[in-house]
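Here the structure is laid out as structure tokens; the discussion comes afterwards.
The values are calculated or read from the model by the stated rules, or taken from the named source; none is laboratory data. Owing to the predicted nature of the structure, the values given are computational and were not obtained by experimental measurement. Cβ placement follows ideal geometry from the backbone for every residue including glycine, while neighbour counts extend to all protein chains displayed.
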Amino acid sequence: MAIRGPRLEFAVGAFLLLALASLLVLALASTNQRFGFGGGGYELTARFSQIGQLRSQAPVKIGGVVIGQVSNIALDPTRFDSIVTLSIDGRYKDLPADTSAGIFTSGLLGENYIGLSPGGDPDTLKPGEEIAFTQPAVDLLQLAGKYMFSGGSGPAGDTPGTDNASGAPQAPTDAQPLEEPQP
């Protein structure tokens, strides 16, 4: 015999609401969304020739610490470079003017992020300015393909005792007599 009272129904309802709220928080946290807390930030731009798998909402880090996120990625129609807009937290407003930006990968197959390396310039980047020194993303699959198909150290077919053009064994000539094994 099941007992269904108002207390049990209230407890089950409260538990379900708590579970749904925690799932919402988990979903927002896993997509790098902000909850609207914190002070205002400012935007910087960076121009890259290759952005790889960089996406909007990707983190912006200095020394592994997240200081912002990628807010927009656009294509420059004249130079055909990718223009990445970075939304930086207002607490980090004194970035040196010679700060450099690079696109890196977290681990071997992790997400891409923008890594900033502050310089030593006493002048600071103002909101809306462009980071002048950038390093494009490295495509690991393309790099591995180049290594695999280049044969390691030398050009293909460059093995001693073979014809370099075809890779076939060289025929003996008068200058190269065949050696017979000694008994």
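At-a-glance table
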quantity	calculated
Residues of region 101-141 satisfying the condition of being under 9 Å from the mean Cα position of the chain (by Cα) and hydroxyl-bearing (Ser, Thr, Tyr)	105, 106, 113
Test set (1) assigned to a loop (DSSP other than H, G, I, E, B); (2) crowded, with 17+ Cβ neighbours inside 10 Å - residue 67 fails condition number	(1)
Scan of region 86-124 for residues that are assigned to a strand (DSSP E or B), surrounded by 16 or more Cβ atoms within 10 Å (Cβ to Cβ) and of a type in the set (Val, Ile, Thr), ordered by number	88, 103, 105, 114
Given (1) hydrophobic (A, V, I, L, M, F, W, C); (2) assigned to a strand (DSSP E or B); (3) at pLDDT below 90, number of the condition residue 25 does not satisfy	(2)
